[in-house]
1. List the number of the failed condition for Lys30; all other conditions in (1) surrounded by 10 or more Cβ atoms within 10 Å (Cβ to Cβ); (2) out of contact with any helix residue (DSSP H, G or I) (no Cβ under 9 Å at 6 or more places or on another chain); (3) at pLDDT 90 or above; (4) not in a loop (DSSP other than H, G, I, E, B) hold.
2. For segment 44-53, which positions are in contact (Cβ under 8 Å) with a residue 60 or more places away in the chain and crowded, with 16+ Cβ neighbours inside 10 Å?
3. Out of all the residues in segment 82-95, which are under 12 Å from Ala45 (Cβ atoms) and in contact with a Phe, Trp or Tyr (Cβ under 6 Å, 6 or more places away or on another chain)?
4. Taking interchain pairs and intrachain pairs at least six residues apart, which have beta carbon atoms under 8 angstrom, with the first residue in segment 112-140 and closer than 23 Å to Arg39 by Cβ and free of Cβ contacts under 8 Å to residues at least 24 places away in the same chain and the second among the basic types (Lys, Arg) and assigned to a loop (DSSP other than H, G, I, E, B)?
Amino acid sequence: MASPSIDGTGKPRKPKSRALKTRPNSADVKAFIAAVEDRQKRSDAEELLAMMKRVTGCKPVMWGTSIIGFGSYRYTNTTGREAQWCATGFSPRKSALTIYIMPGFSGLETLMEQLGKHKTGRSCLYIRRLSDIDAGILERIVARAYATIREKYPE
């Protein structure tokens, strides 16, 4: 019997291509925000929505079931597969507001120091509530990150 990694010919199997689950769709952004249970998180999401529309000039689009994205770009991932993702966006998750800073935080160190209470991941900025940070600094971070994505991946 052949091992799981070998097909009947004795050659290694190619991994199956898996489609990204998080794709743009036609779900209603305003209805999604209206359904956020926590009143403060809902209010913060409305503020983020207005700010990101202003900064990007893009119409908000739902990506998957919980991300509101602005603009998009195509890139080739580390496995050589082409993918599409939002240029910037956010999600009002239970634990924190997650803001997608797609180029990461390199070059944003000074602004990040001025932002206020936050945590970061590779390209995620986590904020418990907007009152914990300087909204003007956040707007500058989002604007810079969006401009960087547009430079690297023109539409």
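The values are calculated or read from the model by the stated rules, or taken from the named source; none is laboratory data. Here the structure is a predicted model, which is why all the values come from computation and not from measurement. Positions of Cβ are backbone-derived with ideal geometry, glycine not excepted, and every protein chain shown enters the neighbour counts.
1. Result: Lys30 fails condition (2) only.
2. Asp44, Leu48, Met51, Met52
3. Gly89
4. Lys117/Arg128; Asp132/Lys117; Ile133/Lys117
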